[in-house]
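Everything below concerns the one structure shown next.
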Amino acid sequence: MTAVTDAPRWLSTGDAAKRLGVTTRTLYRFIDSGQLPAYRFGRVIRLQEDEVDTFIQTCRIEPGTLDHLYPEAVATED
């Protein structure tokens, strides 16, 4: 028999969106594109808390990967 503490912790789409700091529309886009697993129970969509946390970790930005976002310093010639 599985202990109650081993049961998945479910988040509503609103709670998952708040946890990610995004709108529910963006959350649905993550789900629809397959980036974030979700489960439909009748008319209700739920997400597992640990899968949301895993998704957060996969979105981590590695240092040195944002060079394309800022121009290189241009040396001025006198």
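Just so you know, all these numbers are worked out from the coordinates, no wet-lab data involved. Model, not experiment: these values are computed from the prediction. With ideal geometry, Cβ positions are generated from the backbone for all residues, glycine too; neighbour counts draw on all protein chains shown.
So here's what we get for this one:
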item: FRET E, pair Trp10, Leu69, Förster distance 30 Å, beta-carbon r, rounded to 0.05; result: 0.25
item: Full-stretch length increase - Thr24, Tyr39 - with 0.36 nm per residue and alpha-carbon distance subtracted; result: 3.9 nm
item: Charge context of Pro8, other residues only, Cβ under 13 angstrom, K/R +1, D/E -1; result: -3
item: Shape of the chain, Cα gyration tensor, a/c cut at 1.5; result: prolate
item: Ranked Leu20, Leu69, criterion: other C-beta atoms within 10 Å, fewest first; result: Leu69, Leu20
item: Fewest-first sequence of Val22, Val44 by Cβ atoms within 10 Å of each Cβ; result: Val44, Val22
item: Distant-in-sequence amide H partners of Leu36 (H built 1.01 Å from N, under 5 Å); result: Ile31
item: The chain: most fluctuating residue of Phe55, Phe41, Phe30 per GNM, C-alpha cutoff 10 Å; result: Phe41
item: Residues Tyr39, Tyr70, Tyr28 arranged by fewest to most Cβ contacts within 10 Å; result: Tyr70, Tyr39, Tyr28
item: Sum of side-chain charges, Glu49 neighbourhood, beta-carbon under 15 Å (Lys, Arg +1; Asp, Glu -1); result: -1
